[in-house]
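Heads up, the thing below is written out as structure tokens.
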Amino acid sequence: MPDSLLDATEKIIPMIRANLDKIDSDCQLPSDLAKSMNDAGLLRLYVPKVLGGPELDPLSAFRVVETIGKVDGSAGWCSFNGTALTAGVSRITVEAAKELFGDPPNISASGSARPLGTATVTDGGYMINGRWDYLSGMDHSSCLFVTCNVVDGDGPVLGEDGRPMTRMVAVPLSSGEMHITWLTMGMRGTASNDASFSDLFVPESHTYQRTGAPYHDNPLYNPQTAILCSWTLAAANALGMARGAMEEFKRMATQGSTNSPTLMRDRSTTQTTVGECEAIIEAGRSYVLSAVGAMWESQVGRKEDLMDKAVQARLAITHGIRQSVLVVDKLFYAAGTGAIHESNTIERYFRDLHVAGQHISGIHSNYEYAGQVLMGAKITAPTYA
């Protein structure tokens, strides 16, 4: 990782920490914080260098998001999600990216892989209609990359495999309408609201198929594993939050208790919890870094075992997220009634990790998918490809 980016991450941390209450209460990142993060490249870690981005590998990006998530899960999520969506510029030409984001480009984006709208074929492009949800960080984005079902006058357009076609479409946020819907127990600062667009023309050059070839040669943009390079950062954020909760718990353990003169740190139950959670965090983190590292090595070497490595990477990502939720559950319980108060930082980690764990990267069907592959069974679990 470039030292300048690592330094930039560390310099942003005090600003994030100073805004924790505001992030939670306002249900979005403060605009000056979001701007500082984007100016530093932290919301677009995978953007190609030719477009002004850091173009980090997934292991280096993991460490950036983990560092942010340790302080605040919403800020870490915005780094993950912004990075995942802005990587879409690798799938359009440099000229198209400059049309969307300026010259020199100032790239900021959110979006959705869920096909909740339509792209009607028309001369030179598509007419876009639809409403998309869970658009994390939309409030500090200039464009959205949204997924559409492709249709024409006869209905759904079918691909060569006979299945309805979808297409990713880059749309300026200013051309649509934002809907405030993000009223949640946790991850409030992600501002994952809705946006809708009506009869918006988008030129062909501002669209792409997710399975199509990228315009940049970096293996980072391989469509076979692009989603896992993105999900790696969801695991980084979750494991960062688990580590942050652990540090807060250890701080609490040096203080007194409302029902005992014995410090928490001197109780065997507390010591056991800390030891167990430390093992869980480090094991989960090591599995993610090892499995994603093996996948990345295969990507770079363009090896035939790439998809075998991808199965392990996907399993490790999900496991890292689920184990992070387990850690915060253990710490929350061990912290006692003090943890239920909003003034207690563990309460925020508890809420944020439980919401983050509901993302598709952390749900149990990913275990099912891995089991089916590893046993050579028929694949019935969702693949999210």
Lys, Arg +1 and Asp, Glu -1 on Cβ, resulting dipole of segment 224-374 about Cα centre, debye, nearest 20: 120 debye
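Report the far tail of the P(r) of the chain, meaning the percent of Cα-Cα pairs longer than 37 Å.
21 percent
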Taking Cα centroids, how far is segment 1-63 from segment 341-385 in Å? 24 Å
Pull up all non-local amide H partners of Gly111: gap of 5 or more, or a different chain, and H-to-H distance under 5 Å with H placed in the peptide plane. Ser136, Phe145
Can you list the HN-Hα couplings for segment 55-68, worked out from phi with the Karplus curve (6.51, -1.76, 1.60; θ = phi - 60°), rounded to whole Hz and with x for Gly and Pro? 6, 6, 6, x, 6, 5, 5, 3, 5, 5, 5, 4, 4, 5
Could you list which residues have their amide H under 5 Å from that of Phe201, counting only those 5 or more apart in sequence or on another chain, with H placed in the peptide plane? Ile128
Magnitude of the Cβ-charge dipole (Lys and Arg +1, Asp and Glu -1) of the chain about the Cα centre, nearest 20 debye, reported as 880 debye
Amide H contacts under 5 Å for Gly117, placed H, 5+ residues apart: Asn149
Whole-Å distance linking the alpha carbon centroid of segment 160-194 with that of segment 276-325 is 28 Å
At q = 0.11, 0.13, 0.18 Å⁻¹, what is the log10 ratio I(q)/I(0) for segment 1-135, with the Debye formula run over Cα points and no solvent? -0.44, -0.60, -1.04
Taking 0.36 nm per residue of separation and subtracting the Cα-Cα distance, what length does fully extending Asp7 through Asp305 add? 103.7 nm
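Rg to Rh ratio, segment 239-385, alpha-carbon atoms and Kirkwood radius?
1.10
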Rg/Rh for segment 245-330 to two decimals, with Rh computed the Kirkwood way over all alpha-carbon pairs. 1.23
Take every DSSP beta bridge whose two residues both sit in the chain, then give the antiparallel share in percent to the nearest 5. 75 percent
Just to check I understand the Karplus step: with θ = phi - 60° and J = 6.51 cos²θ - 1.76 cosθ + 1.60, what whole-Hz values come out for segment 13-22, glycine and proline as x? 3, x, 5, 5, 4, 5, 10, 4, 5, 5
Would you be so kind as to identify which of Val311, Gln28, Phe332 lies farthest towards the positive end of the dipole of the chain, taking Lys and Arg as +1 and Asp and Glu as -1 on Cβ and the Cα centre as origin? Phe332
Go ahead and estimate [θ] at 222 nm for the chain from helices alone: -39,500 (n - 2.57) per DSSP H run with n ≥ 4, summed, over the residue count, rounded to 500. -15500 deg cm²/dmol
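Sort the following peptides by mean Cβ neighbour count (other Cβ atoms within 10 Å, averaged over residues), highest first: 344-357, 289-302.
Packing proxy ranking, top to bottom: 344-357, 289-302.
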Based on the mean of other beta carbon atoms within 10 Å per residue, what is the order of 9-18, 324-333, 130-139, most packed first? 130-139, 324-333, 9-18
For Val157 and Arg17, calculate 0.36 nm times their separation in residues minus their Cα-Cα distance, and state this gained length in nm to one decimal. 45.5 nm
With θ taken as phi - 60° and the coefficients 6.51, -1.76 and 1.60, list the Karplus ³J(HN,Hα) couplings across segment 101-108 in order, rounded to whole Hz; mark glycine and proline as x. 10, x, 9, x, x, 10, 8, 8
Which one of Cys277, Trp132, Ala234 has its Cα pushed farthest toward the positive end of the charge dipole of the chain, where Lys and Arg give +1 and Asp and Glu give -1 at the Cβ? Cys277
Alpha carbon convex hull of segment 110-208, volume per residue in cubic angstrom: 100 Å³
Extension gain, Asn129 back to Asp266 (0.36 nm per residue minus Cα-Cα distance, nm): 43.2 nm
If the only charges are +1 at each Lys and Arg Cβ and -1 at each Asp and Glu Cβ, what is the size of the charge dipole of segment 3-90 around the Cα centre, to the nearest 20 debye? 100 debye
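FYI, it's all coordinate maths here, none of it is from the lab. A quick note: this is a predicted structure, and the numbers were derived from the prediction, not measured. Every residue, glycine among them, receives a Cβ derived from its backbone with ideal geometry; neighbour counts consider all protein chains shown.
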